[in-house]
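The structure appears below as structure tokens.
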Amino acid sequence: MWRATVFTLFPDMFPGPLGVSLAGEALARGLWSIAAHDIRAQGLGRHRAVDDTPAGGGPGMVIRADVLAAALDAGLEAGDARPRLLLSPRGAALTQARARSLSAGAGIVLVCGRFEGVDERVIAARGLEEISIGDYVLSGGEIAAMVVLDACVRLLPGVMGKEASGFEESFESGLLEYPHFTRPREWEGREIPEILLSGDHGRIKAWREEEALRITRERRPDLIAGLPAKGRKTS
Ligand code: SAH
């Protein structure tokens, strides 16, 4: 079973939206598990303080290294080799390739920041790797952790109805996906492209590949630039 362990100040937020639909059904079927540990359980004093003011001054509060380390040490077994990811806007951006490699392992440990973030020293001391879900700032790492989890869980064997479906999607081939259509055949005067109704699977496949290239060229030329020469040919 693929195991997720989350360290957070808001354990009640989990599994949250991951408890319904695809991820929730997979959770109920035992294809993955989630444990959310409250960092505050290791908080200091009567008020279970977890944060303090930033050294050097400035706004906000910082999660203490000693408190977060104690939470990690209490919640993880020695020798747990799962990647330990700290949600952080400074991290490397999550990609489909990273989600796929994370989903192929034993699971992940996720550490959710709050306030201004965490004391820098705990990052190196506990081998945390910073990971971002995009170039914007959230108020906490919890929703970002859910994004990482959702991207991984849907790729676990048996989670998606059709095992193959994950491989044709946006980013898997380095391109954005081709357009989809379904019934009715004509809707508000708009037709489904004739070729998709032709039953000619060879031509349909070729059409989809061309459309994926066209859409990617229009919207994300940066993705085309990153492709091996074959995918870049303009046809
Ligand atoms: N002061 C920090 C932002 C803190 S936001 C800075 O300027 O970099 C509070 C917490 O939200 C962070 O510790 C992190 O865990 C989470 N967070 C915010 N934006 C995020 C993003 N884009 N990706 C992942 N986590 C994020």
Segment 2-153: D in µm²/s via Stokes-Einstein (Kirkwood Rh, Cα pairs, 10 °C, 1.306 mPa s)? 101 µm²/s
From the C-alpha gyration tensor of segment 1-87, pull out the three semi-axes of the equivalent ellipsoid (sqrt of 5λ each), sorted largest to smallest, in whole Å. 29, 15, 12
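Keeping all protein chains in place, calculate the accessible area per residue for the chain (probe 1.4 angstrom), answer in Å².
Per-residue accessible area for the chain comes out at 58 Å².
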For segment 135-235, what ratio Rg/Rh do Cα atoms give with a Kirkwood hydrodynamic radius? 1.05
To the nearest 20 debye, the chain has a Cα-centred charge dipole, built from +1 on Lys and Arg Cβ and -1 on Asp and Glu Cβ, of 360 debye
With springs only between Cα atoms under 10 Å, which of E25, E211, E129 fluctuates most in a Gaussian network model of the chain? E211
For segment 1-114, give me the percentage of DSSP beta bridges that are antiparallel, rounded to the nearest 5 percent. 15 percent
Taking 7 Å along the Cα-to-C-beta vector as the label spot, tell me the R219-S170 distance in nanometres, rounded to one decimal. 0.5 nm
With every protein chain kept in the model, how would you rank M61, M146, M1 by accessible area, 1.4 Å probe, largest at the top? M1, M61, M146
Helix 201-219: inclination vs the chain longest Cα principal axis, degrees, rounded to 10, gives 50 degrees
Pairing the Cα long axis of helix 141-153 with the longest principal axis of the chain, what angle in degrees results, from 0 to 90 and rounded to the nearest 10? 50 degrees
In whole angstrom, the spacing between the Cα centers of segment 12-65 and segment 177-228 equals 42 Å
Only sites in a loop by DSSP and with at most 16 other Cβ atoms within 10 Å count here; which trypsin sites (Lys or Arg not before Pro) in segment 165-235 make the cut? R185, K233
Helical contribution to [θ] at 222 nm, DSSP H n ≥ 4, -39,500 (n - 2.57), averaged over the chain, rounded to 500: -9000 deg cm²/dmol
Listed residues I195, P184, P228: farthest to the positive end of the dipole of segment 168-232 (Cβ charges): P228
Mind listing which GluC sites (Glu not before Pro) in segment 135-203 are in a DSSP loop and have 10 or fewer other Cβ atoms within 10 Å? E188
Enter the angle in degrees (range 0 to 90, nearest 10) between the Cα long axis of helix 65-75 and the first principal axis of the Cα atoms of the chain, meaning the one along which they spread out most. 70 degrees
Inter-label distance, nm, simple model (7 Å from Cα along the C-beta direction), R46/D135: 4.9 nm
Test of understanding: in a Gaussian network model of the chain with alpha carbons linked when under 10 Å, which of F14, F115, F181 would top the mean-square fluctuation ranking? F181
Portion, in percent, of the accessible area of segment 168-232 that falls on carbon or sulfur, probe 1.4 Å: 51 percent
Across G24, G16, G56, the residue with the highest GNM fluctuation in the chain (Cα network, 10 Å cutoff) is G56
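The values are calculated or read from the model by the stated rules, or taken from the named source; none is laboratory data. Model, not experiment: these values are computed from the prediction. As a convention, Cβ positions derive from the backbone with ideal geometry for all residues, glycine included, and neighbour counts pool all protein chains shown. The protein model used for the area step is the full one, side chains on, heavy atoms only, and it has no ligands, DNA or RNA in it. Shrake-Rupley method; radii C 1.70, N 1.55, O 1.52, S 1.80 Å.
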